[in-house]
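Reading through the structure tokens given below for one structure.
The values are calculated or read from the model by the stated rules, or taken from the named source; none is laboratory data. Quick caveat, the model's predicted, so the values are computed rather than measured. When we count neighbours, we look across all protein chains shown, and the Cβ atoms used for this are built from the backbone with ideal geometry, even at glycine. All accessible areas refer to the heavy atoms of the entire protein, side chains included, with ligands and DNA or RNA removed. Shrake-Rupley method; radii C 1.70, N 1.55, O 1.52, S 1.80 Å.
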Amino acid sequence: MKNYLNFETDIKNLEIEIDKLKDPYNQDGLSEVDTKKISESQKEIDNKLQEIYSNLDPWQTTLVARHEDRPKAKFFIDNLFEDFIPLSGDRFYGEDKSVLAGFAKFNEKSVLVIGQEKGDSLESRIERNFGMMRPEGYRKTIRLMKLANKFNIPIISFIDTPGAYPGVGAEERGQAEAIAKSIECCMSLNVPTLAIVIGEGGSGGAIALASSNKVIMLENAIYSVISPEGCATILWRDPKRTLEAAKAMKLSSKDLLELKVIDEIIPEPIGGAHRDRDLILDNVRKSIEKNLSEFFNMSGEEIFNHRKNKFLTIGRSKGFVNQLDDFSTLSMKENKVNMFVKNFFRSKLNLVAVIGLIVLLGYLVFSL
């Protein structure tokens with residue numbers, strides 16, 4: 001059974017009509033299938049999809065990103081990679097089933113794959129905690145990222161979460177610290193890292209794994225610090241003002257590419273990724289191949305600096321800095337006293353003189 005969004009009513013009616021036309025056993029008994037009318041209806045559906053999806057507002061984009069039938073991380077892992085070996089546990093507390101992680105082969109080369117998994121049925125969604133990771137999930141990914149870094153293995157993450165789990169147990173086990181450590185680990189790696197936002201990229205729960213050399217988004221995915229409902233509740237005390245919130249947050253892929261928060265948009269089939277899974281698989285595969293090849297001849301230090309400079313550049317294009325490539329402007333400015341003290345003690349001669357003066361003063365004090 002297909003699921004439709006509230007702005008897809010016309011498409012739903014047309015597809016129901018096509019299903020009836022394709023069924024030769026109608027109310028009048030066995031009849032001939034009207035292929036001409038089916039073809040006309042299909043063209044009308046294509047035109048409607050083109051019209052609707054070329055003019056989505058930010059809130060409608062959010063609904064598409066959350067679509068029940070949208071391909072999840074497990075789908076991409078199963079179909080893009082070979083010999084995937086899932087690894088479990090953080091070696092501190094336990095296993096977090098909201099994140100799939102393990103080593104696999106991509107184009108016959110080893111990669112570490114991490115996927116935030118929401119689940120595709122009610123039972124699996126409950127088991128996966130709707131893609132909301134707990135501290136043990138982040139600590140598991142930290143453990144595996146460090147292992148991948150040790151053996152020079154690239155890391156590919158599929159981001160799809162409304163945010164980190166905000167429950168009491170998660171907070172007691174150090175949710176904020178685990179997210180911070182995950183970001184720190186991502187930023188310190190010397191191997192290429194790709195983060196692909198396939199659905200929702202919500203809050204610190206997403207950024208914990210998306211602090212990568214390349215942040216890539218599917219066309220109808222979203223990436224934001226908070227959900228539109230949460231933003232509307234905080235700013236206007238009205239969770240219904242989601243459209244205003246979504247517009248203000250600039251959470252769509254086009255807005256984020258313009259702001260240089262992300263590096264690339266992967267085009268989706270008309271009507272969303274769920275309407276043609278083979279096409280979206282092919283598009284994601286080509287993107288991964290292209291982006292991994294960019295780092296093939298780079299050293300670990302160059303990869304690390306690429307990532308560091310990428311994040312230092314974000315938000316500088318509309319500021320007061322003229323030379324955007326000069327990262328020295330981001331350094332802390334010390335006052336003259338601190339600079340004098342630091343430069344004074346750099347000289348060994350000055351250090352010896354100070355020690356001698358202290359010894360002399362001590363001798364004078366005790367002799368008197």
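Structural remarks
- Over the range 156-214, relative contact order from alpha-carbon pairs under 8 Å, at least 6 apart, %: 56 percent
- Prolate/oblate/rounded label for the range 243-303 (Cα gyration tensor, a/c 1.5): oblate
- Segment Leu5-Leu87, extension gain: residue separation times 0.36 nm, minus the distance between their alpha carbons: 25.9 nm
- Structure-based [θ]222 nm, the chain - -39500 (n - 2.57) summed over DSSP H runs of at least 4, per residue, nearest 500: -15500 deg cm²/dmol
- Maximal additional length on extending the Asp276-Ser124 stretch stands at 52.4 nm, based on 0.36 nm per residue less the C-alpha distance.
- With θ taken as phi - 60° and the Karplus curve 6.51 cos²θ - 1.76 cosθ + 1.60 applied, the whole-hertz 3J(HN,Hα) list for the range 148-156 is 4, 5, 4, 9, 6, 10, x, 10, 10 Hz, x standing for glycine and proline.
- With respect to the chain, whose longest principal axis is taken over its alpha-carbon atoms, helix 9-22 is tilted by about 50°.
- Charge context of Cys185, other residues only, Cβ under 11 angstrom, K/R +1, D/E -1: +3
- Summed residue charge, Cβ within 14 Å of Pro269's Cβ, Lys/Arg positive, Asp/Glu negative: -4
- Å² of accessible area per residue within the chain, as computed with a 1.4 Å probe and no ligands counted: 57 Å²
- Just the protein heavy atoms count here, and of the accessible area of the chain at 1.4 Å, carbon and sulfur take up 56 percent.
- ³J(HN,Hα), Karplus 6.51/-1.76/1.60, whole Hz, each residue of the range 266-277, x for Gly, Pro: 8, x, 10, x, 4, x, x, 4, 6, 7, 8, 5
- The angle between the Cα long axis of helix 300-313 and the main principal axis of the chain comes to about 80°, on a 0 to 90 degree scale.
- Cα centroid separation, the range 237-311 to the range 176-199 (Å): 15 Å
- Local electrostatic count, Asn220, Cβ distance below 9 Å [Lys/Arg +1, Asp/Glu -1]: -1
- With all protein chains in place and ligands, DNA and RNA left out, the 1.4 Å accessible area ranks Val215, Val359 as Val359, Val215, largest first.
- Taking the charge dipole of the chain about its Cα centre, with +1 at Lys and Arg Cβ atoms and -1 at Asp and Glu Cβ atoms, the residue from Asn220, Ser182, Ala195 reaching farthest to the positive side is Ser182.
- Over the chain, Cα pairs under 8 Å with separation of 6+ residues give a relative contact order of 13 percent.
- Dipole of the range 50-89, positive direction: furthest Cα of Ile77, Ser88, Ser54, with charges on the beta-carbon: Ser88
- The label point for Glu289 and the one for Leu21, both projected 7 Å from the Cα toward the Cβ, are 3.7 nm apart.
- Sparse-neighbourhood loop sites, trypsin sites (Lys or Arg not before Pro) in the range 204-245 - DSSP loop, at most 11 other Cβ within 10 angstrom: Arg237, Lys240
- Order by protection proxy (mean Cβ within 10 Å, highest first), peptides 37-50, 103-116: 103-116, 37-50
- For the range 122-182, the gyration tensor built on C-alpha atoms gives an oblate shape. Its axis ratio a/c (a ≥ b ≥ c) is at least 1.5, and a/b is not larger than b/c.
- For Cα extents along the principal axes in Å, calculated from these coordinates, the label among [x] 122, 45, 45; [y] 64, 51, 42; [z] 56, 53, 47: [x]
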